[in-house]
Amino acid sequence: MSNGAPSGRDSWGTRAGFLLAAVGSAVGLGNMWRFSYVAAEGGGAAFVLLYVFFVAFIGVPLMTSEMVVGRLTQSSPVVALRTLGGSGWIWLGVLFVMCGIGILSFYSVIAGWTMRYAVDAFRGALPADTTSYFASVATGVPAIVTHVLFMGITVLIVTAGVKRGLERAAYALMPVLFLLLLGLALWAATLDQGGGGYAYYLRPDLSELLNPSTISRAAGQAFFSLSLGMGALMTFASYLRTKENLGRESAVIAACDFGVAFISGLVVFPIIFHFDLGAAIGLGGAVTDNTVGTLFIAMPAAVASLGGLGQYVIGAFFLMLFLAAVTSSISLLEVATAAAVDGLRWTRRRAAIVFGLLITLLGIPSARNLNFLDFLDKFVGAFLLIVGGLLTCIFVGFRVLPQAEAELAHGLDDSRARHLWAVFVRYVAPPVLLFVAGFSLIAAIAAFRTWIAS
Ligand code: PHE
């Protein structure tokens, strides 16, 4: 095997540890509220169908491709792409690193809010007027403070390494997250009028199936949620020493990610209908553009109005968001960190701290202006991920297919399955992604205009 891993390179302790960490990367703020929100806007069950299509036919083959490259080269993306593809492909690796930095810069701001909400809710200090509460914690100095704290946590975990940092965090946090999610879904099922919520969430508005903007939103959401298009899972797979079936691992990760997103909808929608928050968050009426603020305002106020138990429910909800955010943010920082460790021979500690500081600084504009945050979300968090995914498919499908297929064969000996994978990577994903990239660029430009005008 042409396996150039330096002998001291960190690696996962167990297969379960790798899977949990990868699921932890995928399951994040994207699943918890972004999914239910876009699903409701995008025609309920019709959106879910489109989403499943992207996850299964584009997401899983692409995730497999990313992991194949990572495991084959045992290096982080920049070095991996150069090793396999020559120096011209370095730029794709650099794009990955920049996406990781760009996403984490605003992701950490939102994660900071969840931290603040969770702490205040458990202290019983969540005020009834969540509109002004949100305004005061989500921007300006308080937002910068929680953003800095959150980045501090992220840097600490990444500094500790793959086995002792990322894997341990996944083992500790993911089970708690799953329990909180199930508990909340059960609680939501006891709410009266909740049935209307399920019905709204899953109503099949089939006209949306052909709406290009809904299609591209489903794609963008799938990429963001599965952590695709920016080398996160490529980096994770570069720490794999064993030859598991990467096709199966991708399917497991994608299924868990979808499961969590779907169940989150089962939490959010009964709450919205029970408390009659539809109008407040824009469902049915003019849909507000501020998808970030809505669930941070309407829902906490309503649930907290139940008194003691309500505060704990809200506390649990935001604690869950916070845990999900931590296990994702560490994978975002890991991409840049690993690139500097492998490519520049920095120590892990130095890389994590330098990039952590850089991201902390870059996050400040998002903590001051939500329109900028929204723009970054649409530009980096959707458009650039789709571009990254498209280029990855071209790289794997047309530049290094024989090597990639040989690597995939370690663990996946069914040659028909490998052939099918190659067909999807070469001929299905690229045209679909090209189409979707166009629409997501339009959305990003609109967000840019809104930011400039604000
Ligand atoms: N998948 C994470 C979420 O849904 C976000 C993320 C994107 C993490 C890209 C890593 C890479 O919140």
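Some notes on this structure:
- Taken over the stretch 73-88, residues that are part of a helix (DSSP H, G or I), out of contact with any Phe, Trp or Tyr (no Cβ under 6 Å at 6 or more places or on another chain) and surrounded by 22 or more Cβ atoms within 10 Å (Cβ to Cβ) amount to 3.
- Qualifying residue in the stretch 70-92 (condition: more than 24 Å from Ala26 (Cβ to Cβ) and of a type in the set (Phe, Trp, Tyr)): yes
- The helices (runs of 4 or more DSSP H) found wholly in the stretch 189-286 and carrying at least 1 residues that are more than 28 Å from Leu95 (Cβ to Cβ), in contact with a Leu (Cβ under 7 Å, 6 or more places away or on another chain) and β-branched (Val, Ile, Thr) occupy 246-274.
- Restricting attention to the stretch 336-370, the residues that are surrounded by 19 or more Cβ atoms within 10 Å (Cβ to Cβ) and either of a type in the set (D, E, K, R) or in contact with a Ser or Thr (Cβ under 8 Å, 6 or more places away or on another chain) (or both) add up to 16.
- Hey, Ser105 assigned to a helix (DSSP H, G or I) and at pLDDT below 95 or not: no
- Checking each residue in the stretch 107-142 for being of a type outside the set (Phe, Trp, Tyr) and either within 16 Å of the ligand (Cβ to nearest atom) or touching a Gly at 6+ places or on another chain (Cβ under 6 Å) (or both) picks out Ser108, Val109, Ile110, Ala111, Gly112, Thr114, Met115, Ala118, Ala121.
- Checking Val94 against (1) crowded, with 20+ Cβ neighbours inside 10 Å; (2) assigned to a helix (DSSP H, G or I), the condition it does not meet: (1)
- When every residue of the stretch 430-453 is checked against the conditions, none turns out to be in contact (Cβ under 8 Å) with a residue 60 or more places away in the chain, under 24 Å from Val79 (Cβ atoms), of a type in the set (Val, Ile, Thr) and part of a helix (DSSP H, G or I).
- Subset of the stretch 222-249 that is within 16 Å of the ligand (Cβ to nearest atom) and touching a Lys or Arg at 6+ places or on another chain (Cβ under 7 Å) - its residue that is farthest from Val48 (Cα to Cα): Ser238
- Pairs where the first residue, in the stretch 320-333, is touching a residue at least 40 places away in the same chain (Cβ under 8 Å) and closer than 17 Å to Val268 by Cβ and the second is hydroxyl-bearing (Ser, Thr, Tyr) and more than 9 Å from the ligand (Cβ to nearest atom), C-beta under 7 Å, 6+ apart: Leu321/Thr114; Phe322/Thr114; Ala325/Thr114
- Filter result (surrounded by 21 or more Cβ atoms within 10 Å (Cβ to Cβ) and of a type outside the set (Val, Ile, Thr)) within the stretch 14-28: Phe18, Leu20, Ala21, Ala22, Gly24, Ser25, Ala26, Gly28
- For the stretch 1-47, a residue qualifies if it is part of a helix (DSSP H, G or I), modelled with pLDDT of 90 or more and either on the phi > 0 side of the Ramachandran plot or not small (Gly, Ala, Ser) (or both), and the qualifying residues are Arg15, Phe18, Leu19, Leu20, Val23, Leu29.
- Residue within the stretch 314-322 that is away from the ligand (no atom under 16 Å from the Cβ) and either touching a Pro at 6+ places or on another chain (Cβ under 6 Å) or among the basic types (Lys, Arg) (or both) present: yes
- Residue that is within 16 Å of the ligand (Cβ to nearest atom) and more than 23 Å from Ile353 (Cα to Cα), where the choices are Leu104, Leu181: Leu181
- So Val55, is it within 16 Å of the ligand (Cβ to nearest atom), modelled with pLDDT of 95 or more, assigned to a helix (DSSP H, G or I) and crowded, with 24+ Cβ neighbours inside 10 Å: yes
The values are calculated or read from the model by the stated rules, or taken from the named source; none is laboratory data. Predicted, not measured: the structure shown is a model, and the values here were computed from it. A quick note on method: Cβ atoms are made from the backbone with ideal geometry, for glycine too, and the neighbour counts reach across all protein chains shown.
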